[in-house]
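S.K.: Right, I'll just put the structure down here and ask away after.
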Amino acid sequence: MSATVGTRTGLVEELIARYPEVPPEAVLKEDLLRTGIAFDDDALTDNLDGAVKPKSYFIFSFDQKPLTELGAAATQRPPEEIALTGGPWELHRTIVSVRVNPESPYRVDRELRLSLEGRHLADVTLPPMPEYYRHELSNGKTVMETAPTIEWGYLIYLTVLRLCQYFGAHEECGFCDINHNWRQHKKAGRPYTGVKPVEDVLEALALIDGHDDGATHAYTLTGGSVTSTVDGLAEADFYGRYAQEIEQRFPGRWIGKVVAQALPKSDAQRFKDYGISIYHPNYEVWDKRLFSLISPGKERYVGREEWHRRILDAAEVFGPANVIPNFVAGVELAKPFGFETIDEAIASTVEGLDFFMSHGVAPRFTTWCPEPTTPLGRDNPGGAPLEYHVRLLGQYREALSRHGLRPPPGYGEPGLGKAVFSVSSFMDVL
Ligand code: SF4
């Protein structure tokens, strides 16, 4: 019997052996995303004063402990992402979003080596500080807070509304800590703007445009759902206003994307008219019962069937390839509501993929991070089984090919060693 049976190392090695169609890079990346990483103090950043790009907290916390329990990582931010290479599996370069968990069996040490249970797994490269982060807006705000970039600098992430109007246990999605994250950053005295003024966003984009050496390729406009109004504007007008101003000022400079509720077709058309080319009306989880329990606000304000209908309506506006709804991979198995078995969860998720892909719409997924202040994170601190995440990657690739679809646009190049999408491995395995 191997000495690693029953350990995390044993689990990872077993899954790599059992699913040879999924590369070790992706197995490891999924495990890091669902488990988080502990950092030696020397592997943290000097915030905006150093040579390494710090974690911006671009929308959710994506940490597995509250800010108050992160130790040194609360005052000296961790890096936004890490790039893994080499090690015993001779990994191709793999970009992983940083989710901090001081109790993780994965550790990045001061020598910038990633280990699991003390065993070296990969060499770590930290993201360099981009020149545009060294500049401030005229009102003193930082580019990192106003217009952070992720995906190794590919995507500008514009969370222009840091709060969601789905509020409280009966409306907030069970996996989402957007409102809590806003509260914890405010409490810690960090700059964290609830509604970002359009002028700030434009000024930050001008700094990026002037200093990025062509590295940024897309922006995402996003934030919480608007069920009434913000600044007197309903959701399509609120987010649309930013799109309109950005495209007027920087026509076609970036691929414009919006993450919003599944809105009526006329609203989707407005986004398109403003210059947005990709729309993400995220459906979060496919199963009917789970959708109503996990995303009660979406069920209440729009309803599952209507949500799906609007996704297909939007495909007529943007073209099916440019409607890319996200789901949160792993919540299908979250207690107390989730499926009992991995087989059932996979079958349900694939049913959803087939539904959308048969209409030419390719969803994408992020790997669930069980944030402790959310109901699902509290009840499932270990996240979903790694096997689910590994099998889903294979199933996703098969579904795309079964429906004759190409990798979704707006994420850069797919493939091992090339993909930059950091919050799931779906682009690494295509
Ligand atoms: S709609 Fe759900 S996932 Fe999106 S911000 Fe609101 S609570 Fe979070």
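The values are calculated or read from the model by the stated rules, or taken from the named source; none is laboratory data. Since this is a predicted model, take the numbers as computed values, not measurements. Cβ placement follows ideal geometry from the backbone for every residue including glycine, while neighbour counts extend to all protein chains displayed.
S.K.: Would the stretch 318-332 turn up any residue that is touching a residue at least 40 places away in the same chain (Cβ under 8 Å), surrounded by fewer than 17 Cβ atoms within 10 Å (Cβ to Cβ) and of a type in the set (D, E, K, R)?
M.R.: No, there is no match, as no residue in the stretch 318-332 is touching a residue at least 40 places away in the same chain (Cβ under 8 Å), surrounded by fewer than 17 Cβ atoms within 10 Å (Cβ to Cβ) and of a type in the set (D, E, K, R).
S.K.: Further question: Contact list please: Cβ distance under 9 Å, first residue in the stretch 143-167 and at positive phi, second residue more than 16 Å from the ligand (Cβ to nearest atom) and among the charged types (D, E, K, R), pairs at least six apart or on different chains.
M.R.: Cβ pairs passing all conditions: GLU151/GLU81; TRP152/GLU80; TRP152/GLU81; GLY153/LYS53; GLY153/ASP212.
S.K.: Okay, moving on. Collect the residues in the stretch 214-252 that are within 20 Å of TYR411 (Cβ to Cβ) and not polar (S, T, N, Q), keeping them in residue-number order.
M.R.: Within the stretch 214-252, the subset within 20 Å of TYR411 (Cβ to Cβ) is 214-222, 243, 246, 252.
Those that are within 20 Å of TYR411 (Cβ to Cβ) and not polar (S, T, N, Q): GLY214, ALA215, HIS217, ALA218, TYR219, LEU221, ALA243, ILE246, GLY252.
S.K.: Restricting to the stretch 170-186, and then to whatever is surrounded by fewer than 22 Cβ atoms within 10 Å (Cβ to Cβ) and of a type in the set (S, T, N, Q), can you tell me which residue is nearest to the ligand (Cβ to nearest atom)?
M.R.: My answer is ASN179.
S.K.: Only residues that are of a type in the set (A, V, I, L, M, F, W, C) and in a strand (DSSP E or B): list them for the stretch 233-287, please.
M.R.: Initial filter on the stretch 233-287 (of a type in the set (A, V, I, L, M, F, W, C)): 233-234, 236, 238, 243, 246, 250, 254-255, 258-260, 262-263, 268, 271, 276, 278, 285-286.
Answer for the stretch 233-287, where residues must be of a type in the set (A, V, I, L, M, F, W, C) and in a strand (DSSP E or B): LEU233, ILE255, VAL258, VAL259, ILE278.
S.K.: As an exercise: evaluate ILE208 against (1) modelled with pLDDT of 95 or more; (2) surrounded by fewer than 15 Cβ atoms within 10 Å (Cβ to Cβ) and give the number of the one condition it does not meet.
M.R.: With (1) modelled with pLDDT of 95 or more; (2) surrounded by fewer than 15 Cβ atoms within 10 Å (Cβ to Cβ) applied to ILE208, the lone miss is (2).
S.K.: Could you check the stretch 217-232 and list, in sequence order, the residues that are assigned to a strand (DSSP E or B) and more than 14 Å from the ligand (Cβ to nearest atom)?
M.R.: Of everything in the stretch 217-232, those that are assigned to a strand (DSSP E or B) and more than 14 Å from the ligand (Cβ to nearest atom) turn out to be ALA218, TYR219.
S.K.: Moving on. Consider GLN261 carefully, then state whether it is buried (at least 17 other Cβ atoms within 10 Å of the Cβ) and within 16 Å of the ligand (Cβ to nearest atom).
M.R.: Numbers: buried (at least 17 other Cβ atoms within 10 Å of the Cβ): yes; within 16 Å of the ligand (Cβ to nearest atom): yes.
Yes.
S.K.: For the stretch 139-164, enumerate the residues that are more than 12 Å from the ligand (Cβ to nearest atom) and more than 30 Å from ARG93 (Cα to Cα). Give the derivation first.
M.R.: Taking the stretch 139-164 as the starting set, the residues that turn out to be more than 12 Å from the ligand (Cβ to nearest atom) are 139-158, 160.
Hits for the stretch 139-164 are ASN139, GLY140, LYS141, VAL160.
S.K.: Filter the stretch 51-88 down to the residues that are part of a loop (DSSP other than H, G, I, E, B), among the β-branched types (Val, Ile, Thr) and under 16 Å from the mean Cα position of the chain (by Cα) and list them by number.
M.R.: Going residue by residue through the stretch 51-88, those that are part of a loop (DSSP other than H, G, I, E, B) are 51, 53, 55-66, 70, 75-78, 80, 87-88.
With the extra rule that they be among the β-branched types (Val, Ile, Thr), the set shrinks to 59, 75.
Once the filter is applied, which keeps residues that are part of a loop (DSSP other than H, G, I, E, B), among the β-branched types (Val, Ile, Thr) and under 16 Å from the mean Cα position of the chain (by Cα), the stretch 51-88 yields only ILE59.
S.K.: Residue check: is ASP267 acidic (Asp, Glu), touching a strand residue (DSSP E or B) at 6+ places or on another chain (Cβ under 9 Å) and assigned by TED's automatic domain parsing to the domain that holds VAL323? Break it down stepwise before answering.
M.R.: Values: acidic (Asp, Glu): yes; touching a strand residue (DSSP E or B) at 6+ places or on another chain (Cβ under 9 Å): no; assigned by TED's automatic domain parsing to the domain that holds VAL323: yes.
When the stated conditions are applied, ASP267 does not pass them.
S.K.: Next up: Does PHE167 count as within 16 Å of the ligand (Cβ to nearest atom), surrounded by 20 or more Cβ atoms within 10 Å (Cβ to Cβ), in the same structural domain as ARG253 (by TED's automatic domain parsing) and among the aromatic types (Phe, Trp, Tyr)? It would help to see each step written out before you state the result.
M.R.: On the way: within 16 Å of the ligand (Cβ to nearest atom): yes; surrounded by 20 or more Cβ atoms within 10 Å (Cβ to Cβ): no; in the same structural domain as ARG253 (by TED's automatic domain parsing): yes; among the aromatic types (Phe, Trp, Tyr): yes.
Taking the combined requirement at face value, the residue does not satisfy it.
S.K.: While we're looking at this one, here's another question. Of these, GLU30, GLU103, which one is touching a strand residue (DSSP E or B) at 6+ places or on another chain (Cβ under 8 Å), charged (D, E, K, R) and buried (at least 21 other Cβ atoms within 10 Å of the Cβ)?
M.R.: Values: GLU103 fails: buried (at least 21 other Cβ atoms within 10 Å of the Cβ).
After ruling out the rest, the residue left standing is GLU30.
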